[in-house]
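In what follows, a single structure is set out as structure tokens and then discussed.
Values in this text are rule-based calculations from the coordinates and carry no lab data. Computed from a prediction, not measured in an experiment: that's the story for all the values here. Don't worry about glycine lacking a Cβ; one is built from the backbone with ideal geometry, like all the others, and counts go over all protein chains shown.
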Amino acid sequence: MPVFDPEIVHECSMECLGAPKPEMFDIFARSLAKHYPGVLDFDQPWVYSIAGGAMIQMKLYYASATEYIMIWGTPIGSEGHSGRHFTGFWDTVIDGEMWYYGEGEFEKKVYKPGDRVYVGPGQARAMNFTDGVWAVEYARGFIPASVPFGIMSEIVVCWDFLTAGQTLTLYADLMSQSIGQKYPQVKPITDTISRLAGKATKALVPAPEVSRIPQKNIRWFQRNT
């Protein structure tokens with residue numbers, strides 16, 4: 001049986017419209033947690049996702065073999081291929097705007113805050129996120145089959161092994177949590193796996209961005225050029 005109802009996920013998404021970022025993300029998560037207490041993980045980091053030519057960042061709150069809940073988006077825009085999956089995806093736009101079109105369609109479909117789009121199993125869409133978009137996504141289907149789509153570009157094209165590793169450890173962490181919630185008799189084992197995967201995810205979080213070059217490095221460069 002599915003854990004989540006897409007209609008409830010959509011209703012919770014609507015509650016955060018108009019709030020400033022990142023507060024709007026917390027509003028959504030708290031609202032969803034009221035309907036599904038003890039199910040969500042609020043502590044996972046934001047990680048890049050590079051798939052189908054589109055680069056975004058995502059924050060996962062739940063993932064199992066058959067479902068996941070996340071917020072994804074980009075502040076600068078991107079575009080790409082949605083992929084063709086064994087999974088159905090419900091996306092509610094909470095900020096910005098996205099454009100979709102499918103095979104045989106000759107006009108774009110525009111989705112704005114409060115709009116929801118569904119892409120079903122075996123379907124695909126061309127996507128454009130204009131100047132930026134943020135959305136809540138609920139997926140239902142055979143999630144492991146979509147993992148290669150989620151990490152292949154990171155490994156083969158971008159050589160971003162760090163992001164690929166984060167994606168895998170994060171999914172292992174959340175998957176273990178979901179199994180432990182469903183089968184309490186194996187919870188000691190799943191808790192151990194979750195803890196180890198969580199530590200690996202945190203170890204892979206990149207160092208903070210350097211905002212400026214230290215003066216001593218500038219002086220060294222000036223002396224040696």
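Spin-label model, His81/Ile8: points 7 Å from Cα along the beta carbon direction are separated by 3.6 nm. On the basis of the beta-carbon distance and an R0 of 22 Å, Asp43 and Met1 show a calculated FRET efficiency of 0.25.
Looking at the square roots a ≥ b ≥ c of the eigenvalues of the Cα gyration tensor of region 12-98, which shape do they give, rounded for a/c under 1.5, prolate if a/b is larger than b/c, or oblate? In terms of gyration-tensor shape, oblate. For region 6-159, the square roots of the Cα gyration tensor eigenvalues, ordered a ≥ b ≥ c, give a/c below 1.5, which places it in the rounded category. Legend: calculated FRET efficiency, Thr66 to Glu209, from the Cβ-Cβ distance at R0 = 35 Å, rounded to 0.05, equals 0.45. Working note: Karplus 6.51/-1.76/1.60 with θ = phi - 60° gives region 85-99 the couplings 10, 8, 10, x, 10, 10, 10, 10, 6, 10, 6, x, 7, 9, 10 Hz, where Gly and Pro are set to x.
At 0.36 nm per residue, minus the direct Cα-Cα distance, what do Leu17 and Tyr183 gain on full extension? Give it in nm, one decimal, please. Could you put the intermediate results ahead of the total?
Details: separation 166, 0.36 × 166 = 59.76 nm, distance 3.57 nm.
Gain on extension, Leu17 to Tyr183, equals 56.2 nm.
Once the Cα-Cα distance is subtracted from the 0.36 nm per residue extended length, the Ile155 to Lys199 segment shows a gain of 13.7 nm.
Sequentially through region 169-178, phi angles give Karplus couplings (6.51, -1.76, 1.60; θ = phi - 60°) of 5, 5, 5, 4, 4, 5, 4, 4, 4, 5 Hz, Gly and Pro residues having no value and appearing as x.
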